[in-house]
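The numbers here are math on the coordinates, done by the rules we state, and not lab data. Note that the structure is a prediction, hence the values are computed from the model and not measured. Counting neighbours? That spans all protein chains shown, and the Cβs are built from the backbone with ideal geometry, glycine included.
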Amino acid sequence: MLGVFSGEVVEVPAELVAAGSRTPSPKTRASELVARFIDSSVPAVSFQIGSLGHLAYSHANQSPFRPRSFAAKDDIFCLFEGVLDNLGRLRQHYGLSKSANEVMLVIESYKALRDRAPYPPSSMLAYLSGNFAFVLFDKSTSSLLVASDPDGKVPLFWGITADGCVAFADNLDLLKGSCGKSLAPFPQGCFYSNTLGGLKSFENPKNKVTAILADEEEICGATFKIQGKS
């Protein structure tokens, strides 16, 4: 799965800028990244959200333990990969039908969070049990919410393209070609929100998330760690 968002939506993370500036390497524009994803993931489905962003996904080569899904409702777009162990209980909690899958559950739980503000995202995300990563964009408010489960069972990476867009993907090699060293694993048990303070831990809400620059020979230019977590 792939989500790419322009500077109109996402402020480029300073840590990824610093990682990329230490060892400059070739990058491509966001449009080329999307094209490469579509070409390499046939059959693929992609959605352009005006000038704000682009979402794409494919079922090609997906793991049966990490299925990918997409849904859009009320100008909320979401890519989801993985499985929620407590999906049935969460359906009941949010009053959803038995046919509601993981991606619809995330959209509905996000809507409840948004409409009952000012609750922190950790109050929603901490209830999701299982292996998952998702990218959600609310066009009505230009809000982005990205999260990865506490065990990091679903790989997720983020980086900066040549034209300053921020990209999220489950494929490291795909991002490496467009983001160079401005690239890092998305930290497990964390979320990124452009409207609620950037990158934070929902597993340990009181602990800061800091970046550590990687050695030059490593593929990713940085890694993010939750302070106090071994």
Unsatisfied cross-links (Cα-Cα over 29 Å) in the set 73/206; 176/208; 73/200; 111/208; 27/111: 73/206; 27/111
Sites excluded, GluC sites (Glu not before Pro) in DSSP loops with at most 14 other C-beta within 10 Å, longest stretch of the chain: 12-215
In whole Hz and in residue order, list the ³J(HN,Hα) couplings for region 172-186 that follow from phi through the Karplus curve 6.51 cos²θ - 1.76 cosθ + 1.60, θ = phi - 60°; x for Gly and Pro. 5, 4, 4, 6, 4, x, 10, 10, x, 8, 7, 8, 7, x, 6
Taking every pair of alpha-carbon atoms in the chain, what share in percent sits in each 10 Å bin, from 0 to the bin with the longest distance? 8, 35, 39, 16, 2, 0
Show the residues, 5+ positions off or on another chain, whose built amide H is closer than 5 Å to the amide H of residue 71. 78
Using a 10 Å Cβ count of at most 10 others and DSSP loop calls, identify the longest part of the chain lacking such trypsin sites (Lys or Arg not before Pro). 1-97
Cα gyration tensor category, rounded, prolate or oblate, for region 1-132 with a/c compared to 1.5: prolate
What are the ³J(HN,Hα) values, in whole Hz, obtained from phi via the Karplus relation 6.51 cos²θ - 1.76 cosθ + 1.60 with θ = phi - 60°, for each residue of region 84-99 in sequence order, with x given for Gly and Pro? 9, 5, 10, 4, x, 5, 5, 4, 5, 4, 9, x, 9, 6, 5, 8
Quick check: from the Cα gyration tensor, does region 101-161 come out rounded (a/c under 1.5), prolate or oblate? oblate
Please report the relative contact order for region 134-230, taking Cα pairs under 8 Å with a sequence separation of at least 6, and give it as a percent rounded to a whole number. 24 percent
